[in-house]
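Reviewing the structure listed below.
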Amino acid sequence: MYVLEMAEISKEFPGVKALDHVNFKVKQGEIHALCGENGAGKSTLMKVLSGLYPAGSYGGEIIISGEKKEFHKITDAEKAGIAIIHQELALVKEMTIGENIFLGAEPTRRGAIQWDELYHQASLWLKRVGLHHSPDTKIGNLGIGQQQLVEIAKALSKHTKILILDEPTAALTESEVSILMGILNQLRSEGVTCVYISHKMPEVFALADSITVLRDGRTVATLDRNETDDDKVVSLMVGRELTERYPRVEHTPGDVVLEVRNYNVWHPEKKHHRVLRDIEFTLRKGEILGIAGLMGAGRTELVSSLFGAYGGRAEGTVHIEGKTVRIRAIAEAIKAGIALVSEDRKRQGLVMGMDVKRNTTLATLHKVSRLGVVNENEEIRWASRYVQELKTKTASLETPVGTLSGGNQQKVVIGKWLMSSPKILIMDEPTRGIDVGAKYEIYNLMNQLVEQGVAIIMISSELPEVLGMSDRILVMSEGQFVREYDWREATQEKIMLAATGGK
Amino acid sequence: MQLQKELQEHGAAPAAAQSRFSVLFGKMDVRAYTMVGALILIWVLFGILNPTFLTSRNLSNLFTQMSVTSILAIGMVLVIVAGHIDLSVGSIVGLTGGMAAILSNWLELPAIVVILGTLAAGAVLGLLQGWLVAYKMIPAFIVTLGGMMVFRGVLMGVTESMTIPVSDPVLALLGNAYFARGFGIILGIVAVGFLFWSTFNKRRSRKKYDFAIAPLSIDIFKVAGLSLLVAVFVAVMNNYKGIPFPIIFVIVLAAIFYFISTKTTFGRHIYAIGGNIEAARLSGINIKRKTMLIFVLSGLLGSIAAIVLTSRLASATITAGNMAEMDAIAACVIGGTSLMGGAGTVIGAIIGALVMTSLDNGMSLMGLESFWQYVVKGSILVIAVWLDISNRSKGVK
């Protein structure tokens, strides 16, 4: 008997088919792991299930305990006994545990909140999830792992039958992970069904009864835990063939441009939390170094720290072309020849209301100005040079970048950094959210730059891209480099296994 | 460049027509245009209701009246564009004005020392607030709200809540004198000459870079139109007593800050910070230093406004500059400055100040009770933003 059946679910976004006839069935009282690469459609599927995407905006059926359901809003799904705990916890930091558990469902009498009743019930729920804190503790005083337990308590208080956890361990320490697993095992014995989204194989195999693998918005397989192993699941997760989507060019790496030794970085707020551990690597002129890893592995932290943009304490040595450098500010990094095409161009790369030419010159305005006065003609000359070289499609140089397509926006960002004539170009998710044609152009551009002697560090969550473009691949997991592969020996399975903490 | 030519050739007919429009009128934003229209409407309306409104005497008064709000609005634009707010400028006007009076009347210092001392005081007050905002990360709203109260309190303390007269003849000139008619004409000619020179200089430079140049006729039309405006202004002012001193301050400051905001790296960085602070930071812009500098400028402009106001009133009072920050903010917003940061122009703010002052002046002339002035000014402010937001949401679709 299935407690939850999602049949033939399809969901389209403009230009992308996020889910393509997905089938997902969960048995009563089991822990069911949902696995897949970044972008495989796991989160979209769960958003459909939790009513975040209302009925009608997707195709297919949701059947709960044999009954067909249509969720128009989140509360509909909650009523049917479905609760989702997102990666980013949704608790109000300034409120107490009790207030958070009953937020929006406070026990009242004639409009007045019954505080004693609320805190009494809250303490019962806390006991059930094994959190030994007074319910009038402020959420802000709890650690992430404890907050997660509060979220679970909150979900259970709504008489949840199906609990969905979206990458619950991404921000947890190892001991917190084992506490969480203990609670989940206990809930299973009490009959709560749980959907566990993760791509960390050790956790999946420690917890799950069944495993469903999604890939490119399709269900690839549903397996019994006892009939499979992590190699099999990983190969199903990546299982697609590498096609001619990547223009592979033989590069001949030259001298070492960047050498990082014994590099450790601490979190900017949690001062004792080390996010990067003993990082060591070299980067040569004229090569593309790919950094692979799962979300939260520390890739973005590494490059933003090298760029002087992270904010946390960093220790270790960085040499650029043999000279020791200490980069304390972004302006120094730019001067030292580092450029960072950041992962989120809307938030970090562009000023959306500004036009193409002003965005192009933003990081290197001194190049087109004298005594602090901008020479607009010089500015137009540089901007139009990059618009031409990168074949950016824009109505004019005065067009606000917010009106361009994703691919053309990305080209403006790249143009901005090329103008700083970098020795080291760091590209964090360089092709995220852009169409195939523009992707190919950006790949060609990367090859051209390497030809001209630029060293590129590319971070990507798309394994085929890492394999297709990199000369060397470093795999990161939990803030460390765990493996290095030459592109010829690397496979998606090997990388995935290293990244998921497998053997 | 080649690309631009190409783009222009490929442009369809309506696009070309549109670009001619924008070539003619520049790239001032929609709200500022609406407000130019509204300004003309307001003037015509008051002119019909009360014939004295459009006399050269009243217009001369009006321009003098608007000077304080305009000077403050010029600084406020930069602050708001950077994504902050400065609520303290009214109190800075009061405090530095009081200081000027004390230096001049009690200490009997020469005018030049009084002026430099006042300017320095304004800059220091701005520096202090800017440091708290930029380096100590305290929200500008709080810092300047605190400053608004503290500065007003200090003013009351040091002046012992007395009105201090200013009798220095040089200081009195700054707020009350008029330029001799002949000198006004010379100023007008210089301004027109500058317009011609800058336009043709720009054409020459673009030619050097091989860029497309707007048709000569359009440039001439533009310069001629602006020159006509200058000529009418000088003629109207000369018809009364000549160009008032304070409005020259406004024009010179507006020109300087127009230049800073549109032509310098500092100005560009302010817009970038207000538009997307994260992108600005990752482009290597020193956000803290620039933010502090903006508040220094705002404080400095506050003290300039203080000198003008003290001189006009021939005394410093403890209520001087009260609520002036609100007028300045309203002027910026009416003139197209977005409180979200990243957008706004100095010229727009001046137009906004002119709208606000015209309403004040016109309604006073008609003998309307002062409560009406508050109601009307407040409503105009909200309607201006409403129009702008509804325009913008149409644009998004």
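Some points to look at:
- Strands (runs of 3 or more DSSP E) wholly inside segment A:183-230 that include at least 2 residues being touching a residue at least 60 places away in the same chain (Cβ under 8 Å), under 19 Å from A:Glu493 (Cβ atoms) and under 23 Å from the mean Cα position of the chain (by Cα): A:210-215
- Tally, over segment B:308-329, of residues that are farther than 23 Å from B:Val170 by Cβ and part of a helix (DSSP H, G or I): 6
- Options A:Met476, A:Met458, A:Met446; residue that is touching a strand residue (DSSP E or B) at 6+ places or on another chain (Cβ under 9 Å) and assigned to a helix (DSSP H, G or I): A:Met446
- If you go through segment A:49-74 and keep only what is surrounded by 12 or more Cβ atoms within 10 Å (Cβ to Cβ) and outside any loop (DSSP other than H, G, I, E, B), you end up with A:Leu49, A:Gly59, A:Gly60, A:Glu61, A:Ile62, A:Ile63, A:Ile64, A:Lys69, A:Ile74.
- Within segment A:364-394, tally of residues that are at the interface with chain B (Cβ under 9 Å from one of its Cβ atoms), more than 19 Å from A:Ala331 (Cβ to Cβ) and either aromatic (Phe, Trp, Tyr) or part of a helix (DSSP H, G or I) (or both): 9
- For the criterion of being in the same structural domain as A:Ser470 (by TED's automatic domain parsing), more than 16 Å from A:Gln452 (Cβ to Cβ) and either free of Cβ contacts under 8 Å to residues at least 40 places away in the same chain or not in a helix (DSSP H, G or I) (or both), A:Gly402 fails.
- Taking each residue of segment A:145-174 that is at positive phi and looking for partners that are among the aliphatic types (A, V, I, L, M) and surrounded by fewer than 19 Cβ atoms within 10 Å (Cβ to Cβ) with beta-carbon atoms closer than 9 Å, six or more apart or interchain, yields A:Glu167/A:Met295.
- Subset of segment A:420-451 (residues that are closer than 18 Å to A:Thr394 by Cβ and either among the charged types (D, E, K, R) or at pLDDT 95 or above (or both)): A:Asp435, A:Glu441
- Each residue in segment B:257-277 was checked for being facing chain A (nearest Cβ under 7 Å) and aliphatic (A, V, I, L, M), and 1 of them qualify.
- Complete set of residues in segment A:330-363 that are among the small types (Gly, Ala, Ser) and more than 8 Å from chain B (Cβ to nearest Cβ): A:Ala336, A:Gly337, A:Ala339
- In segment B:318-364, of all residues being closer than 30 Å to B:Ser161 by Cα and within 9 Å of the chain's Cα centre (by Cα), the one that is nearest to the other protein chains (Cβ to nearest Cβ) corresponds to B:Ala331.
- Top-ranked residue in segment B:278-307 [being in a helix (DSSP H, G or I) and among the polar types (S, T, N, Q); ranked as nearest to the other protein chains (Cβ to nearest Cβ)]: B:Thr291
- Against the numbered list (1) surrounded by fewer than 18 Cβ atoms within 10 Å (Cβ to Cβ); (2) more than 29 Å from the chain's Cα centre (by Cα); (3) not small (Gly, Ala, Ser); (4) not in a loop (DSSP other than H, G, I, E, B), A:Trp125 comes up short only at (1).
- Some residue of segment B:227-241 being under 17 Å from the mean Cα position of the chain (by Cα), more than 14 Å from every other protein chain (Cβ to nearest Cβ), modelled with pLDDT of 90 or more and surrounded by fewer than 16 Cβ atoms within 10 Å (Cβ to Cβ): no
- All positions within segment A:475-503 that are among the basic types (Lys, Arg) and more than 16 Å from A:Leu289 (Cβ to Cβ): A:Lys494, A:Lys503
The values are calculated or read from the model by the stated rules, or taken from the named source; none is laboratory data. These numbers were taken from a predicted model, which means no experiment stands behind them. Backbone-built Cβ (ideal geometry, glycine too); neighbour counts: all protein chains shown.
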